[in-house]
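Please read the structure below before turning to the comments.
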Amino acid sequence: MIVGIIGSGGREHAICTKIRESSKISKIFCIPGNAGTNHIAKNIDIKIEDFKSIKKFCLNNNIELLIVGPEQPLVDGIVDYFLDTNIKVFGPNKLVSKLEGSKIFTKELCEKYNIPTANFKIIKSLKNAEATLKSFKFPLVIKADGLAAGKGVYICNNYNEGYIAANEIFNGKFGKAKNLLIEEFLDGEEMSYFIISDGKSYQFIGSAQDHKRVGEGDKGKNTGGMGCYSPSRLLNSKLTEKINNKIIIPTLNAIKDMGSEYIGFLYVGLMIKNEKPYLIEFNVRMGDPECQTILPLLENDLSEIFFDCCAGKLSEKKIKLSNKKSICIVLCSKGYPDDYKKDSEISKLNKLSLKDNEYIYHAGTKLKDNKILNSGGRVLNFVSTSNNIKESRDDLIKLIKRLDWENGFFRKDIAYKVID
Ligand code: AMP
Ligand code: GLY
């Protein structure tokens, strides 16, 4: 079976690695991939927004299954674009991808289906924002409606901060904005919960807690994710029941009411407060680095799961996750999430020897003249699975130090909530 994967991050390298294990897979193409996927698949240099070229390539190369890693092509309707082909595309369609593509769409769905979430108000003008800022309690949260690469959320402590945020959003910082959200600040602990669905049924596929801030102690600027661990320390059977009954089942029912279905991963971003789950956001894909952290724990053949999802047969399988714990540390380019130097060689990478329970997934890397260079802010993901998360973390830190890449930095305190 010939498979295509869209994306170029650590998430896609982890997916590629996992499906490579399957005897059913004869060839994998990564569009565009990175220096890591290059070893186990064929990288194809097509831009992920160029649906026409992707379709042509898939048809010409007999691709049977196309797996979409990142949100942008899903929100832009890549699944719908392939409907006139026989190619199975793993991911949600354009309508239901609005769960990530429009925060207002999701909030309105929460309101209609009584899904617990922060109280909110939809704001249609700066004037409207000014009035609401005077009536809301601080801190509060202001969010751009559409995709903003993780940057469209402001936690505001006073009127001035709120005004600046609203002004930036309405001035087009994240694209043309007709409206924005002001919502209540939820004081709790975050957790990410993942399911996979075939449109008829769904199954749990892991939980995690990530570290979004650049600095140790969760300080400094927001990033795409500096590391995470799985499973989340917060998860237990009672909480699982609440998440399923109050958030996931009502959401999937809402999608049925719209006459649609949800096929793909669903990333449920939660705030847990007094043991109650509140929905913060949905993402219509796996998390990054959560995917790299969770997939090594998966005991099933992932390619079969993808096929079963596309065929509406997920209920025939039981997804099994190992009881071990997993941790991922992200090695970044110095300067990230601001400007950083590119094309710096990571010379000792091929010399590192890994234990059976250790993995390195590439993200912002590229191959040039047989050398591995950094090409992005988040560069490499170091993952270890074991029964002892502290030992795993110590081993990963030693591994990164052996790499001795002068332009890199990483957080040494990933998973501190379950270690320190
Ligand atoms: P989002 O892009 O919606 O996930 O928001 C990014 C981050 O902002 C989340 O991971 C939370 O840390 C924080 N955040 C978003 N909404 C809220 C809220 N209502 N209360 C507290 N923190 C929030
Ligand atoms: N790690 C957060 C995300 O994938 O959105």
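The values are calculated or read from the model by the stated rules, or taken from the named source; none is laboratory data. A quick note: this is a predicted structure, and the numbers were derived from the prediction, not measured. Cβ placement follows ideal geometry from the backbone for every residue including glycine, while neighbour counts extend to all protein chains displayed.
Would you check which residues across the range 123-160 are farther than 14 Å from LEU180 by Cβ and either of a type outside the set (A, V, I, L, M, F, W, C) or away from ligand 1 (no atom under 16 Å from the Cβ) (or both) and list them?
LYS134, SER135, LYS137, PRO139, GLY150, ASN157, ASN158, TYR159, ASN160
Which pairs have Cβ atoms under 6 Å, sit 6 or more apart or on different chains, and link a residue in the range 211-231 that is free of Cβ contacts under 8 Å to residues at least 24 places away in the same chain to one that is more than 12 Å from ligand 1 (Cβ to nearest atom) and not acidic (Asp, Glu)?
ARG213/LYS219; ARG213/GLY220; GLY220/VAL214
Please verify whether LEU252 is more than 14 Å from ligand 2 (Cβ to nearest atom) and either more than 23 Å from ILE15 (Cα to Cα) or aromatic (Phe, Trp, Tyr) (or both), treating the condition exactly as stated.
yes
From the set of residues in the range 148-178 that are among the small types (Gly, Ala, Ser) and away from ligand 2 (no atom under 16 Å from the Cβ), which is modelled with the lowest pLDDT?
ALA177
So, in the range 360-377, of the ones that are farther than 14 Å from TYR336 by Cα and of a type in the set (S, T, N, Q), which residue ends up surrounded by the fewest Cβ atoms within 10 Å (Cβ to Cβ)?
This residue is ASN370.
So which residues in the range 338-359 are more than 19 Å from ASN323 (Cβ to Cβ) and either surrounded by 21 or more Cβ atoms within 10 Å (Cβ to Cβ) or of a type in the set (Lys, Arg) (or both)?
LYS341, LYS342, ILE346, LYS348, LYS351
Among the residues in the range 25-36, are any part of a loop (DSSP other than H, G, I, E, B) and under 24 Å from GLY312 (Cα atoms)?
Yes, the conditions are met somewhere in the range 25-36.
Select, from LYS342, LYS318, the only residue that is assigned to a loop (DSSP other than H, G, I, E, B) and out of contact with any Ser or Thr (no Cβ under 8 Å at 6 or more places or on another chain).
Just a single option satisfies the conditions, and that option is LYS318.
So which residues in the range 179-219 are out of contact with any helix residue (DSSP H, G or I) (no Cβ under 9 Å at 6 or more places or on another chain) and either within 16 Å of ligand 2 (Cβ to nearest atom) or within 28 Å of GLU261 (Cβ to Cβ) (or both)?
Within the range 179-219, GLU190, LYS212, ARG213, VAL214 qualify.
Within the range 102-112, identify whether any single residue is at pLDDT 95 or above, within 16 Å of ligand 1 (Cβ to nearest atom), acidic (Asp, Glu) and surrounded by fewer than 17 Cβ atoms within 10 Å (Cβ to Cβ), and answer yes or no.
yes
Taking the range 201-251, which residues are of a type outside the set (Gly, Ala, Ser), over 20 Å from LYS320 (Cα atoms), under 19 Å from the mean Cα position of the chain (by Cα) and not in a helix (DSSP H, G or I)?
Across the range 201-251, the qualifying residues are ASP210, HIS211, LYS212, ARG213, VAL214, ASP218, LYS221, ASN222, THR223, MET226, CYS228.
Only residues that are within 23 Å of the chain's Cα centre (by Cα) and of a type in the set (Phe, Trp, Tyr): list them for the range 376-420, please.
Within the range 376-420, PHE382, PHE409, PHE410, TYR416 qualify.
Can you find even one residue in the range 282-296 that is touching a residue at least 12 places away in the same chain (Cβ under 8 Å), assigned to a strand (DSSP E or B), within 16 Å of ligand 2 (Cβ to nearest atom) and in contact with a helix residue (DSSP H, G or I) (Cβ under 8 Å, 6 or more places away or on another chain)?
Yes, that holds for at least one residue.
When you look at LEU380, is it buried (at least 17 other Cβ atoms within 10 Å of the Cβ) and more than 17 Å from ALA14 (Cβ to Cβ), yes or no?
Taking the combined requirement at face value, the residue does not satisfy it.
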